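Before any comments, here is the structure.
The values are calculated or read from the model by the stated rules, or taken from the named source; none is laboratory data. Only a predicted model underlies this, so the values are computations on that prediction, with no experimental measurement involved. Here the Cβ positions follow ideal geometry from the backbone for every residue, glycine too, while neighbour counts run over all protein chains shown. In case anyone asks, the SASA skips ligands and DNA or RNA and just uses the protein heavy atoms, side chains included. Shrake-Rupley method; radii C 1.70, N 1.55, O 1.52, S 1.80 Å.
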Amino acid sequence: MKNILLVAASDLSKDQVVLFPKEQPEVLSQLDENQINYIKNQLDKEQTIIGMPSCDSSFQWMVAVEKSDDCIKMAEALRQLGAKVVALIKGQRIASIGVKNQTEMDRIALPFVEGMVLADYKFEKYFTKKEEYPLCSIEIDDRISEEALLELTSVLKATIKARDLVNEPQSFLTATQLSEEMIEMGEEANISVTVLGKKKIEELGMGGLLGVNKGSVAPPTFTIMEYKPKGAVNSEPIVFVGKGVVYDTGGLSLKPTAASMDYMKSDMGGAAAVSCATYAIALAKLPYHVITLVPATDNRPSGDAYAPGDVLKMYNGKTVEVLNTDAEGRLILADALSYADRYKPEVVMDVATLTGAAAIAIGTEGAVIMGNAKETYFEEIDKAGFETHERSVRFPFWDEYSKMLESDIADLKNLGGREAGAITAGKFLENFTESPYIHLDIAGPAFLHSEKGYIKKGGSGYGVRLLFEWIKTRAK
Ligand code: BES
Ligand code: ZN
Ligand code: ZN
């Protein structure tokens, strides 16, 4: 995993990016009159990133920042500017660069650097030829606290880790490997991690996870990460549950390959989001008790695979008629949600690439959120979503939708109707937890087919920055 070191410094590398107020280039007192005039001239030509000619071989980019009262819009514009600057740096032999804020606006270098680091991301593991001149460190001159720097470093590292996990093919990232990755994160960040293997999962009677795993040659895992710092501000934990389907062929209800099964290595995007958010929370030492549960398996057809028509007995004792083996995420999540109740959580939230319906409804611009928890939770997550630009939109969670899940022969079926597919998936899951419940369907934003500035093609890491921001706000 590539790691760009961020340091607070006032003594910067000779290659620099300087953020200045668009309306007032004169604040750049280090420049002479000719240089200021050059900048004004470029600004007239609508240039916002202005490369300064220099006599030595160093690079200087002056970045014009437009002041706005809308902090949220401004943070996102800064991330996008950071991404643009990184595109200019690529290919130049720059290993470290300084970022200096010469505006009066507080700490705007932070979202700018965030955009830079995320835009610099590339999943390089399987290329034989690696990037020749990687960017290794960024010095930030912007009166930032140690704490803010640690928070940014932590959340970026974790977002990159989540992207890596999603980009890994199933040939490497089996359920067992995914749990190994969580153990590794735990060791580094002081999170206690327990992995339940197939035998234990059988003893517990997790019929959903075992049903989906039946067609697989690889065993399932159920991983528990607990971060309980001394001095945590909460008395009951928040429990996160992430869908860890390391590959979704659809099972016997097989998916077509093109634009469907071909990117189903990303079906553990929820697991990546919750485990890496926990990693970030622990790296930043936020005083907040969180627990993360990841049920993991692949979903395949085979001579022994579960079949449409089968009835599964779930961990909480309820029975489910499987009518489509491609609606597998809800089966493994159901068992984990029931397991979550043992921790008596303040709220339990699952994050999952659960339905094509969610992606069709709102595309890649955000996730779909619903649940029965108190309104305040949704308000908090909505706010964190705007702060991080990992937005979500609320869907209804009316009881009437539950009717669509009635089975002729079991307590529930795993398939709703043609309509409201994202909601019936959430309503299905509601049956498996007694705790206040939130469901986040990230099928749209988890994996991109084309780049969006600092969000690259492939695994986006969606959810890590969102959950980190939410918990950070709660912890303070
Ligand atoms: N993993 C898929 C959902 C998905 C689709 C994620 C597209 C990302 C992009 C999920 O397991 C699935 O196949 N869901 C089915 C459910 C249906 C059979 C009720 C779907 O959405 O078609
Ligand atoms: Zn599926
Ligand atoms: Zn799936």
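Would you tally the net charge around S10, using a Cβ to Cβ cut-off of less than 13 Å, leaving S10 out, and scoring K and R as +1, D and E as -1? Here the count lands on -2.
Here the Debye sum runs over all C-alpha atoms of the chain as equal scatterers in vacuum, and log10 of I(q)/I(0) at q = 0.07 Å⁻¹ comes out as -0.38.
Taking the longest Cα principal axis of the chain as reference, the axis of helix 329-340 is set at about 90 degrees. In the chain, helical runs assigned H by DSSP with n ≥ 4 each contribute -39500 (n - 2.57); averaged across all residues and rounded to the nearest 500, the mean residue ellipticity at 222 nm is -11000 deg cm²/dmol. Using a probe radius of 1.4 angstrom, the carbon and sulfur fraction of the accessible surface of the chain is 51%. Legend: translational diffusion of segment 5-144 by Stokes-Einstein, Rh = Kirkwood radius over C-alpha pairs, 20 °C, 1.002 mPa s; D = 138 µm²/s.
Candidate cross-link partners of K472 among the lysines, defined by an alpha-carbon separation under 20 Å and a same-chain spacing of 8 or more, comprise K157, K161, K228, K230, K285, K374, K383. Quick check: the angle from helix 109-119's long axis to the longest principal axis of the chain, C-alpha only, nearest 10 degrees? Relative to the chain, helix 109-119 is tipped by roughly 60 degrees.
With a sphere of radius 11 Å drawn around the Cβ of G416, what net charge do the other residues whose Cβ falls strictly inside it have (Lys, Arg +1; Asp, Glu -1)?
In short, +3.
Report relative contact order for segment 5-144 in percent, whole number only (criteria: Cα-Cα under 8 Å, sequence separation at least 6).
Numbers: 226 pairs, mean separation 51.6, N = 140.
Result for segment 5-144 is 37 percent.
Of all DSSP beta bridges located in the chain, what percent are antiparallel, nearest 5?
Working: 25 of 67 bridges.
Among the beta bridges of the chain, antiparallel pairing accounts for roughly 35 percent.
Full extension from D32 to H449: what is 0.36 nm times the residue separation minus their Cα-Cα distance, to one decimal in nm? Please list the in-between numbers first.
Working: separation 417, 0.36 × 417 = 150.12 nm, distance 4.55 nm.
Gain on stretching D32 to H449: 145.6 nm.
Remark: relative contact order (segment 404-476) = 16 percent; criterion is Cα-Cα distance under 8 angstrom and separation of 6 or more residues.
Under the combined filter of DSSP loop state and at most 10 neighbouring Cβ atoms within 10 Å, segment 46-128 retains these chymotrypsin sites (Phe, Trp or Tyr not before Pro): Y126, F127.
Compared with the dominant principal axis of the Cα atoms in the chain, helix 464-475 is inclined by about 90°.
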